[in-house]
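Every number here is computed from the coordinates shown, using simple stated rules; none is lab data. It should be emphasised that the depicted structure is a prediction, and the values quoted were computed from it without experimental measurement. Note: ideal-geometry Cβ built from the backbone for every residue, glycine included; neighbour counts use all protein chains shown.
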Amino acid sequence: MSSLAGDASPKPRKLLNAALWGAQALVFIGFVIIGWMKLFKPIPELAAMWAWTGQLPAAVVRGLAIIDITGGVGIFLPTVTRIKPGLTVLAAVGCVALQMCAMAFHIYRGEMAATPVNVVFLALSAFVLWGRRAQPVRAR
């Protein structure tokens, strides 16, 4: 007869790791695509999609693009390469903070319809933050 404490099955760890990889990939793809758009699309085209981008200085929009891209790359690349994988946790902290600020910005402006995307990225980033602290990837 085995006890539950003695059944340290690797299956839950593998499932958690797979879920973390999925979350990291989604944050990476989403942040890089959105950041790329903010960085390279003309401001009038961005403003047609997101009104706020036409109401802020272009330098702010482009700066936010760089922050988005950096966050997306930071949450994924260190883990993939296994070079300084602890940086993934720091990037996740930044992504969580970024999404909280974005939500506050949109709520302040009365743009509640924009916040569901922020909530999804906040949840994914928080999951990566928690999960990669609990189950870190080993460096090479």
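The dipole here belongs to region 13-134: it is taken about the Cα centre, uses +1 on the Cβ of Lys and Arg and -1 on the Cβ of Asp and Glu, and is about 500 debye.
Taking 0.36 nm per residue of separation and subtracting the Cα-Cα distance, full extension of the segment from Tyr108 to Arg62 would add 14.4 nm. Of all lysines in the structure, not one has an alpha carbon short of 27 Å from that of Lys41, not counting any fewer than 8 places away in one chain. Applying both filters, DSSP loop and at most 12 other Cβ atoms within 10 Å, to the trypsin sites (Lys or Arg not before Pro) of region 1-105 gives Arg82. Working from label points 7 Å from Cα in the Cα-to-Cβ sense, the Leu15 to Ile83 distance is 3.5 nm. Straight-line cross-link partners of Lys14 among the lysines, defined as a Cα under 24 Å from its Cα and at least 8 positions apart when in the same chain: Lys84.
Here r is the Cβ-Cβ distance between Ala48 and Met100 and R0 is 25 Å; the resulting FRET efficiency, rounded to 0.05, is 0.40. Karplus-derived 3J(HN,Hα) values for region 89-94, using 6.51 cos²θ - 1.76 cosθ + 1.60 with θ = phi - 60°, are 5, 5, 5, 5, 4, x Hz; glycine and proline are entered as x.
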